[in-house]
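Below is one structure; the comments refer to it alone.
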Amino acid sequence: MGLDQEGTKFESLSLAQCYGITTTPNFSKCLFLERLTLARCYWLKTIESFIGDLQLLIKLEIEDCMSLIDLPEEVGALVKLKHFSLQGCFGLRELPHSFGNLTSLIELDLSETGIKELPNFIGKLKSLRVLRLLKKQSSSPEHHVWQLPSGISMLKNLEVLDLSGRIEMKSEIPVETGELPSLRILNLECTCISKMPRTINMLHHLWKLDLRDCHAIQGLPELPISLRCLLLQSKSLLSVPDLSNLTNLVELLLSDGSHSTNKSNLITRCNLRWIGRLSRLKTLYLNLLNVPVPSELASLSHLKKLTLSHLDLETLVQLPSSLLSLNLKYFSIRWAKLLPSYLRLRNLSTLVFCSVEVDCIPFNGLPLLENLTVMGCKLLGQLSIPLEFRKLRLVRVFLCPELVEIQVMGLLKSPE
């Protein structure tokens, strides 16, 4: 198969789901190509050397070509290339040495490839801003340890580093990560790292750190004050870090993993009173088994979304009146008796109760409520929805086996 017209001037070419090709067509005459896509060509095994003739290429996508096992050295001739994606090329095991010549590259996506080791010459890609190496699934257990090369510290313009799903990434991430002065987003979700380097506080432009499902982490070092989003979820967490210095945080998730195990490894009594200093918070998710909710929570005047799960709510005095969405999970009848005083939230539009140990849930003071969900409340026998809920549009009630009546707008209804 070939594109043989001399001087073909089209700038963009996309071949998708071309199941019959095993090698690339002859693009050597398409000298004006700027964007080339080869997607879901499942039997494509070879990228021919004439790929290097496409000197004007800016964007190259070779995605979900699962039979592809290598790239020709001529790829290194694409010196104007800015965006290169090899996402989903499971058979690809390594990059050619000429790859280091792609010094104009801004974005590189190696997600879901079979590359076992990132070469040190990755540090030659001085213009790189986005590097994605995520893995969504693993078809077999990972026995080797995957680690970033020391050359990663040479990427002074790198802004986004996505390593999510790399379960073969263990122990501590390299200290060189702290030498990436432009880094804004670091995603380590679903990795097996156990420790963050102290150099992370040198990342003065970092605004998002994702450590969800990093269940080997026991604690955190001092983090940069530039952070606006911190997501930490670990079943090995021994103590809740003091984050009082992170006054720029807008979103915070802290979880000891007890939502799935009903157990916690927290060994010290945790004090969350510092949370009152995070005055810019808009979204807060706390899942910490039996940790007291601080009274300072009420002072978060910009908070819009709040989830409280497994905490000790006895110390809670008031919730922020600014709340638009509230999700309460796994609390007992003692706290439920005090619900009316806490749920006078005149701006609240979404309310969720999950696995609450109560036989009834009293509601009032919620004039703007639009969405109500009650699930997994095994003791709930009665649900009363007051007349003031005139904006209520959606009510979902499920997994409440003892529920015998629902009173809505003055009408008594029994669930069938």
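The values are calculated or read from the model by the stated rules, or taken from the named source; none is laboratory data. In this text, all values refer to a predicted model and were calculated from it rather than measured experimentally. Ideal geometry is used to build each Cβ from the backbone, glycine not excepted, and the neighbour counts take in all protein chains shown. Please note that ligands, DNA and RNA were not included when accessible areas were found on the heavy atoms of the full protein model with its side chains. Shrake-Rupley method; radii C 1.70, N 1.55, O 1.52, S 1.80 Å.
General observations
- Between residue 257 and 234, the built amide H atoms are under 5 Å apart, and every one of these is 5 or more places off in sequence or on another chain.
- Tail weight of P(r) past 20 Å, computed on alpha-carbon pairs of the stretch 141-281, percent: 46 percent
- Simple Cβ-charge dipole of the chain, Lys/Arg +1 and Asp/Glu -1, about Cα centre, in debye nearest 20: 1380 debye
- The stretch 46-60 - phi-based ³J(HN,Hα) in whole Hz, Karplus 6.51/-1.76/1.60, Gly and Pro as x: 9, 9, 5, 5, 5, 4, x, 7, 8, 5, 9, 4, 10, 10, 10
- Relative to the globular-protein estimate of 2.2 N^0.38 Å, the Cα radius of gyration of the stretch 247-381 stands at 1.00.
- Nonpolar atom fraction for the chain, defined as the carbon and sulfur part of the 1.4 Å probe accessible area, stands at 51 percent.
- Neighbourhood charge, 13 Å Cβ-Cβ cut-off, centred on residue 127 and excluding it, Lys, Arg +1 and Asp, Glu -1: +4
- Heavy-atom accessible area per residue - the chain, 1.4 Å, Å²: 47 Å²
- Straight-distance crosslink candidates among lysines, where the alpha carbon sits under 17 Å from residue 263 and sequence neighbours closer than 8 are dropped: 235, 329
- With the convex hull drawn over the C-alpha atoms of the chain, the volume per residue is 174 Å³.
- Phi-based couplings in Hz for the stretch 297-311 (Karplus 6.51, -1.76, 1.60; Gly and Pro marked x): 4, 5, 7, 7, 6, 9, 5, 10, 10, 9, 10, 10, 9, 6, 7
- Rg(Cα)/(2.2 N^0.38 Å) for the stretch 38-144, N = residue count: 1.02
- Annotation: amide H-H contacts under 5 Å for residue 380 (H modelled 1.01 Å from N, sequence separation of 5 or more, or interchain): 358, 402.
- Sequentially through the stretch 38-43, phi angles give Karplus couplings (6.51, -1.76, 1.60; θ = phi - 60°) of 10, 10, 6, 8, 5, 9 Hz, Gly and Pro residues having no value and appearing as x.
- P(r) histogram, all alpha-carbon pairs of the stretch 209-302 included - 10 Å bins from 0, percent: 17, 53, 29, 1
- Environment charge of residue 211, counting only residues whose C-beta is closer than 14 Å and scoring Lys/Arg +1, Asp/Glu -1: -2
- Extension gain, residue 321 to residue 280, is 13.3 nm, computed as 0.36 nm per intervening residue step minus the present C-alpha separation.
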